[in-house]
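J.: Can you read through this structure? Questions will come right after.
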Amino acid sequence: MVAQRSHNDRCATTGRCAAGAAGDTMRGMSLTTAGKAPGPVRFYLACDRMGCRERVSFDLVIAEEPPDRETDLFGYLLHEAGKAAPYIRDRGWVFIEGGEGYWCPKCSTPASRAPSADRL
Ligand SMILES: [Zn+2]
């Protein structure tokens, strides 16, 4: 947890690591990465529901190379996220359509939503 925080702070300061670059392009997305396929990639997933501070990080080894950056920039940027999507779903996180990003298992379960929070 300490390492994760220092990493994020460094990215926010310099904006030069892979996670920072992807974040600029995919604004509003709550999934960021450190590292590039092929190889081990660390993922940082934060709940995008207002008021929720749930966040997790995990590592996946991605064997496939991303598409060429010049011909498929979006595919290049989304390569790692795409590979992680099934894993994220398995953990109970839900992608909210419309640019809201990912919600954690607690927020994506209707029974756990507080009516007052939904009006914010
Ligand atoms: Zn949440």
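Only the coordinates and a few stated rules stand behind these numbers; no lab work does. All figures in this text were calculated on a predicted structure; none of them were measured in a lab. Here Cβ is always computed from backbone atoms with ideal geometry, including for glycine, and neighbour counts include all displayed protein chains.
J.: Counting Lys +1, Arg +1, Asp -1, Glu -1, what net charge surrounds Y76 among other residues with beta carbon under 11 Å of its beta carbon? All intermediate terms of the calculation are to be shown ahead of the outcome.
T.: Numbers: positive: K36, R69; negative: E65, D68, E70, D72, E80.
Once positives and negatives cancel, what remains is -3.
J.: Please list the non-local residues whose amide H lies under 5 Å from the amide H of S30, H modeled 1.01 Å from N, same-chain partners needing a gap of 5 or more.
T.: For S30, whose amide H was placed from the backbone, the distant partners under 5 Å are Y102.
J.: Moving on to the next point. Arranged from highest to lowest average of other beta-carbon atoms within 10 Å per residue, in what order do the peptides 48-56, 36-44, 63-71 appear? All intermediate terms of the calculation are to be shown ahead of the outcome.
T.: Details: 48-56: 14.2, 36-44: 16.1, 63-71: 11.1.
Output ranking for 48-56, 36-44, 63-71: 36-44, 48-56, 63-71.
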